[in-house]
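Step one of this worksheet: look at the structure below.
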Amino acid sequence: MRSLLRQSLLLLGLACLPAAGQALYFHDKVSWQSRIAEADMIEVDLARSWGVEAIWIDARPAVDFDRDHVPGAILLNEDRWNELLPQFLQEQWSPEKKIVVYCSSESCNLAGDVARRLRDEAKLPNQIRVLKGGWEGWLKTRK
Amino acid sequence: MHLPTKVLLGAAFLCVSTVAQAELTWEKIELEQSPPPGAESAVFAFQYQNKGDKPIHISNVRTSCGCTTAALKKNDVAPGEKGEIVATLKIGDHSGLQQKTVTVDTDDTAHPQTILTLKATVTQFLELQPALVYWQANEDPKPKTIVAKAGKGVTMKSLEVTSSAPEFTTKVEPGSTAGEFKINVTPRDTAHQLNANLSIKPDSAAGAGTKVFTATARVMPLVMPPPTPAPTTAPKA
């Protein structure tokens, strides 16, 4: 009995070795890890409560934006960044407003990339947050 | 047979049985590249081979975003046959690390789904920092500077900057390193709201073609403070 138990434990230990190796190798490659820091994200309800104090930016492709978007949101994605950014800066941007960026879902990176470029490249002084759950999250709470 | 021998044999059996099930094998499931600045797309070829003894049917190939397409020449892979899935990432105006996935569904029972990852580090042709200069209403109209930096591998000798509004003047100076320029922007005054597009065109030798980059200059509107209620004086007793 004891021998069987020892044998099972040894087999289990051996099985864990490749699993540990894989976990180490893929630790920065798995798709479920968000590249956006928690502090840079915002819950839908809190973002909604900002009301007119916030500018909503839709970072999805134009075809998705045209289908439907958060009321009042503007299209600003990386596909046409050099064209859309100056439009946004001239027509909608204001230094006092907060900015909420969203893409399709929790797992998409587009909103994070747009937020990073607004912060690091455009050097906007605004508070910039990425919407948790993205468009899907907003739809769930739409009343 | 001693216990360690039994254990090792058991582990070896497990490993061998796992390998034998993996019929559609991929040379690499993750590819990375750095396309040259200004490239319109990046192409990644994921090579596969059916190492099993049964044909495999690739039922579906889908990409994680509309900016990536994936092409497959044929869906059925005979035993021993090699092939590839070619994924094309449309770069557009993207910048920095782009990571996308291609999901491949097959009737291979051991591995019905494989996720292929493509990574591209996109360097901008010209980086503008910041992309916006602005003055608050009635702020001192001192010049503000936009630093324009040529991307890695881009040779740029000069820049031509044009403002869409004559109220802003621009002056280009060489920056601290080669390929870097300082664009000094000055508003005529800050008493009125002003908006301008600054069109920035690299010299023809840089290879940007007709591409023009845009920065923004603004004088913000005067924000009136909300009216304060008139002070009420308490009636004298």
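The values are calculated or read from the model by the stated rules, or taken from the named source; none is laboratory data. Just so it is clear, the model here is predicted, and its values are computed rather than measured. Cβ coordinates were reconstructed from backbone atoms using ideal geometry, including for glycine residues, and neighbour counts include every protein chain displayed. The accessibility values were calculated without ligands, DNA or RNA, using every heavy atom of the protein model including side chains. Shrake-Rupley method; radii C 1.70, N 1.55, O 1.52, S 1.80 Å.
So for segment B:21-122: antiparallel DSSP bridges make up what percent, rounded to the nearest 5?
About 90 percent, rounded to the nearest 5.
With a 1.4 Å probe and every protein chain kept in, tell me what percent of the accessible surface of segment A:31-141 is carbon plus sulfur.
50 percent
Across peptide B:215-222, what mean number of C-beta atoms from other chains lies inside 10 Å of a residue's C-beta?
Numbers: counts 4, 8, 2, 5, 0, 4, 1, 0.
Mean inter-chain Cβ contacts per residue within 10 Å come to 3.
Along the principal axes of its C-alpha atoms, what lengths does segment B:21-122 span, in descending order and rounded to whole Å?
For segment B:21-122, the Cα spread along each principal axis is 45, 20, 20 Å.
With a 1.4 Å probe on protein heavy atoms only, work out how much accessible surface B and A bury together, total over both chains, in Å² to the nearest 100. Show your work: numbers first, answer last.
Details: alone 14920 and 9400 Å², together 21520 Å².
Summing both sides, the interface buries roughly 2800 Å².
Order B:134, B:48, most accessible first, counting only protein heavy atoms with a 1.4 angstrom probe. Before the final figure, lay out each step's value.
Details: B:134 55, B:48 15 Å².
Ranked list, largest accessible area first: B:134, B:48.
Residue separation times 0.36 nm, minus the C-alpha to C-alpha distance between residue B:211 and residue B:171: what's the value? Provide the component values of the computation, followed by the final result.
Values: separation 40, 0.36 × 40 = 14.40 nm, distance 2.03 nm.
Length gained between residue B:211 and residue B:171: 12.4 nm.
On average over all directions, what projected area in square nanometres does segment B:113-165 have, based on the convex hull of its Cα atoms?
Averaged projected area of segment B:113-165's Cα convex hull equals 7.5 nm².
How much length, in nm to one decimal, is gained on full extension between residue B:137 and residue B:164, taken as 0.36 nm per residue of separation minus their Cα-Cα distance?
Stretched fully, the residue B:137-residue B:164 segment lengthens by 7.7 nm.
What percent antiparallel are the DSSP beta bridges of segment B:126-219, to the nearest 5?
90 percent
Can you tell me the dipole magnitude for segment A:31-141 around its Cα centre, using point charges on the Cβ only (Lys, Arg +1; Asp, Glu -1), in Debye to the nearest 20?
200 debye
Looking at the square roots a ≥ b ≥ c of the eigenvalues of the Cα gyration tensor of segment B:121-221, which shape do they give, rounded for a/c under 1.5, prolate if a/b is larger than b/c, or oblate?
prolate
For residue B:26, what is the net charge nearby, where nearby means another residue's Cβ is under 13 Å from its Cβ and Lys, Arg count +1, Asp, Glu -1?
-2
Set the Förster distance to 56 Å, then compute FRET efficiency between residue B:223 and residue A:3 from the Cβ-Cβ distance, nearest 0.05.
Efficiency, from the Cβ-Cβ distance: 0.10.
Which entries in B:119/B:157; A:97/B:119; A:123/B:171; B:149/B:171; B:28/B:54 show an alpha-carbon gap greater than 26 Å?
As for pairs spanning more than 26 Å Cα to Cα, those are B:119/B:157; A:97/B:119.
Could you calculate the FRET efficiency of residue B:62 with residue A:37 from 1/(1 + (r/R0)^6), where r is the beta carbon distance between them and R0 is 30 Å, rounded to 0.05?
0.55
Hey, what does the equivalent ellipsoid look like for chain A, semi-axes from the Cα gyration tensor as sqrt of 5 times each eigenvalue, largest first, whole Å?
Largest first, chain A gives 43, 16, 14 Å.
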